[in-house]
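Let me begin by presenting the structure, written as structure tokens, before commenting on it.
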Amino acid sequence: MAEIIVVTSGKGGVGKTTSSASLAVGLAQAGKKVAVIDFDVGLRNLDLIMGCERRVVYDFINVVQGEASLKQALIKDKRYDSLYVLAASQTRDKDALTQEGVEKVLDGLGTEGFEYVVCDSPAGIEKGAHLAMYFADHAVVVVNPEVSSVRDSDRILGLLASKTRRAERGEGPITQHLLLTRYNPTRVEAGEMLSVKDVEEILGIKVVGVIPESENVLAASNAGVPVILDENSFAGQAYTDVVSRLLGQERPLRFIEVQKKGFLKRVFGG
Amino acid sequence: MGILDFLKRKPEATAGVAKERLRIIVAQERSTRGAPDYLPLLRNELLEVIRKYVNVDVDAVNISLDRDSGHEVLELSVALPEHKPG
Ligand SMILES: Nc1ncnc2c1ncn2[C@@H]1O[C@H](COP(=O)(O)OP(=O)(O)O)[C@@H](O)[C@H]1O
Ligand SMILES: [Mg+2]
């Protein structure tokens, strides 16, 4: 069986798709066979962030409805042989996605030897978000240091603890990871933005990583190259750390302090 | 305030306010999590019935849902007005 990871948040626009793409790439870089699925039916986006939008022939719904095989619909990544994308349907309505259909696809991926399936959840707490989390073994809850996002993520943490198959079957709780993104250490230092510690205290859970607010994220999405592949960017390096932690390695948090290096130090190192 | 002051104005240090507000709302929402949707409605109807007999305040009826060792307990308390003799 593949390990199922849902990337979810409640609130939209917080960085779920950005994170799903980078985590999937990072797991593939670690040698794992990975599929990343776009659950946002009607608002397909993951294909663009992964840079495979022109190669989408069949989508998730086609497989669910038996109109295409899993093999036909999986898009192989150009960079990593062990990484595949399953696009969301752009034309069908949300009702085309059913619990049995999702289960069939996930089981199929397990049979195909996939080790990890990353589920990019749509926003909200409706059917699409529910289906994305239902079969998960692990959850990455993406949160921004901002009031509505923090509140929504607490709501999602509650749903993860009760409304998943693991919870219903009493199979032990799904592992919950809090991923704080779009973090701006300068604004935190000025008292304008909730800190890592604030968010951890409010939600009562430690973060699995902190992704700084970064211009490189837009550049990455412009190019269709997940930001984790931009090894010089802080955001990319922070995602690499998160992948290592998800795989059980210890990595200290980085990029959460204001960079105090002067120009000369930056040029000559230090 | 002059236009220059306005342009130079820094955002305020509001993170503390955000944290305090979140602390309260998150605690409140956690305490009613999983409670059925009909709870507020049930409360109102009970209040109406009780008011047929006793003149109680709007906030006299308190409903809460507790969970202990697998049991769900719907707790209901009604604060009656002080009994006036005679
Ligand atoms: N760390 C970051 N720094 C800067 N911009 C970011 C960061 N993470 C996400 N974004 C931007 O935020 C927007 C929403 O991101 P997206 O991943 O599509 O969110 P979601 O899938 O949760 O709706 C995008 O424009 C994306 O480029
Ligand atoms: Mg998205």
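I'd like to verify a number: residues in segment A:105-117 that are crowded, with 18+ Cβ neighbours inside 10 Å and of a type in the set (Ser, Thr, Tyr), how many?
Residues meeting the conditions: 1.
Suppose we keep only residues that are within 14 Å of ligand 1 (Cβ to nearest atom) and farther than 19 Å from A:Asp154 by Cα within segment A:115-135. Which one would you say is farthest from the other protein chains (Cβ to nearest Cβ)?
A:Val118
If A:Leu160 satisfies every condition in (1) open to solvent by 20 Å² or more (accessible area, probe 1.4 Å); (2) away from ligand 1 (no atom under 16 Å from the Cβ); (3) closer than 15 Å to A:Lys16 by Cβ but one, which is the exception?
Failed condition: (1).
Pick out the one residue from A:Asp120, A:Asp154, A:Asp137 that is within 24 Å of A:Val227 (Cα to Cα), among the charged types (D, E, K, R) and open to solvent by less than 50 Å² (accessible area, probe 1.4 Å).
A:Asp120
Please find, among A:Gln29, A:Gln65, the residue that is polar (S, T, N, Q), farther than 21 Å from A:Lys94 by Cβ and away from ligand 2 (no atom under 16 Å from the Cβ).
Only one candidate passes the filter, namely A:Gln29.
Of all the residues that make up segment A:196-219, how many are within 8 Å of ligand 1 (Cβ to nearest atom) and in contact (Cβ under 8 Å) with a residue 12 or more places away in the chain?
Qualifying residue count for the region: 6.
Select from segment A:46-65 the residues that are in contact (Cβ under 8 Å) with a residue 40 or more places away in the chain, farther than 15 Å from A:Arg79 by Cα and in contact with a strand residue (DSSP E or B) (Cβ under 7 Å, 6 or more places away or on another chain) and list them in ascending order.
Selection gives A:Leu46, A:Phe60.
Could you please let me know if A:Gly170 is at pLDDT below 95 and either open to solvent by 30 Å² or more (accessible area, probe 1.4 Å) or more than 14 Å from chain B (Cβ to nearest Cβ) (or both)?
yes
Quick check on A:Gly101: is it away from chain B (no Cβ under 14 Å) and within 16 Å of ligand 1 (Cβ to nearest atom)?
For A:Gly101, the condition - away from chain B (no Cβ under 14 Å) and within 16 Å of ligand 1 (Cβ to nearest atom) - is not met.
Within segment A:193-224, which residues are closer than 17 Å to A:Leu157 by Cα and open to solvent by 40 Å² or more (accessible area, probe 1.4 Å)?
A:Glu201, A:Gly204, A:Lys206
The values are calculated or read from the model by the stated rules, or taken from the named source; none is laboratory data. Please read these numbers as outputs of a predicted model, since none were measured by experiment. Cβ sites come from the backbone with ideal geometry, for glycine too, and all protein chains shown count toward neighbours. When the accessible area is computed, the model is the full protein with side chains, heavy atoms only, and any ligands, DNA or RNA have been set aside. Shrake-Rupley method; radii C 1.70, N 1.55, O 1.52, S 1.80 Å.
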